[in-house]
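What follows draws every value from the coordinates through simple rules; no lab data is involved. If you're wondering where the values come from, they're calculated on a predicted model, not measured in any experiment. Here the Cβ is made from the backbone with ideal geometry for all residues, glycine too, and neighbour counts use every protein chain on show.
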Amino acid sequence: MKILGISGSPRKGNTEWMLDKLLEITAQLGAEVELLLLRKMDIKRCTGCLDCEAGGKERKGLCQIKDDMQEIYPKLLGADVIILGTPVYFYMLSGLLKNFLDRTCPIWPRLEGKPIAGMAVAEEGIGQAIQNLKTYASVCGMRWVGSIA
């Protein structure tokens, strides 16, 4: 089983630590794991050009923006489970993770049915951030399997 963890924290902190520990445990149980640190990647903002919308549900997942997302798309599609981790800022996801989620638009139809879990780290506002992640999963047709806070 391939588990892809994605840390949406802009710094090395509690979110990254918790996600790393979770992946470490699942690796000990035999899973193949990978942790993507969005803070170390070049992921530009979506420009809203809508090129990725061409072709409807059968679109090829093409984005005109050349950055690290081109390497991430195959990892998302190849994972058996995706775990999204975020610190909570103003009761919402980090801007880094939100930008990343926006950029998954080219492939979202192919994420349908894929298991996804969420992790939110904060003193308060966790429920709202988890709800944001659940909404993303629902829009993509993904199967929400749980949350960690």
| Mind ordering 21-31, 130-140, 75-85 by average Cβ neighbours within 10 Å, highest first? | 75-85, 130-140, 21-31
| query | Rounded if a/c is under 1.5, else prolate if a/b is larger than b/c, else oblate: which is the stretch 1-88, with a ≥ b ≥ c the root eigenvalues of its Cα gyration tensor? | reply | oblate
| message | Just want the ordering: Met92, Met1, Met18, from fewest to most Cβ atoms lying within 10 Å of their own Cβ. | response | Met1, Met92, Met18
| task | Let me have the relative contact order for the stretch 1-79, percent, based on Cα pairs under 8 Å that are six or more residues apart. | result | 34 percent
| Spin-label point model (7 Å from Cα, Cβ direction): what's the Ala122 to Thr135 distance in nm? | 1.3 nm
| request: Determine the shape class of the stretch 76-119: with a ≥ b ≥ c the square roots of the Cα gyration tensor eigenvalues, call it rounded for a/c under 1.5, and otherwise prolate if a/b is greater than b/c, oblate otherwise. | output: oblate
| said: Are there any GluC sites (Glu not before Pro) in the stretch 41-123 that are in a DSSP loop and have at most 16 other Cβ atoms within 10 Å? List them by number. | reply: Glu112, Glu123
| field | Option label - Rg and Dmax of the Cα atoms in Å computed here, alternatives (1) 15.3, 50; (2) 20.1, 69; (3) 14.6, 43 | value | (3)
| remark: The relative contact order of the chain, taking Cα pairs under 8 Å that sit 6 or more residues apart, comes to a percentage of 27 percent
| How long is the gain from Lys12 to Asp67 if the chain were fully straight, where each residue apart is worth 0.36 nm and the alpha carbon distance is subtracted? | 17.6 nm
| remark: the stretch 1-84: antiparallel bridges as % of DSSP beta bridges, rounded to 5, reads 0 percent
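Nearest 5 is fine: what % of DSSP beta bridges in the chain come out antiparallel, could you say?
Of all bridge pairs located within the chain, approximately 5 percent are antiparallel.
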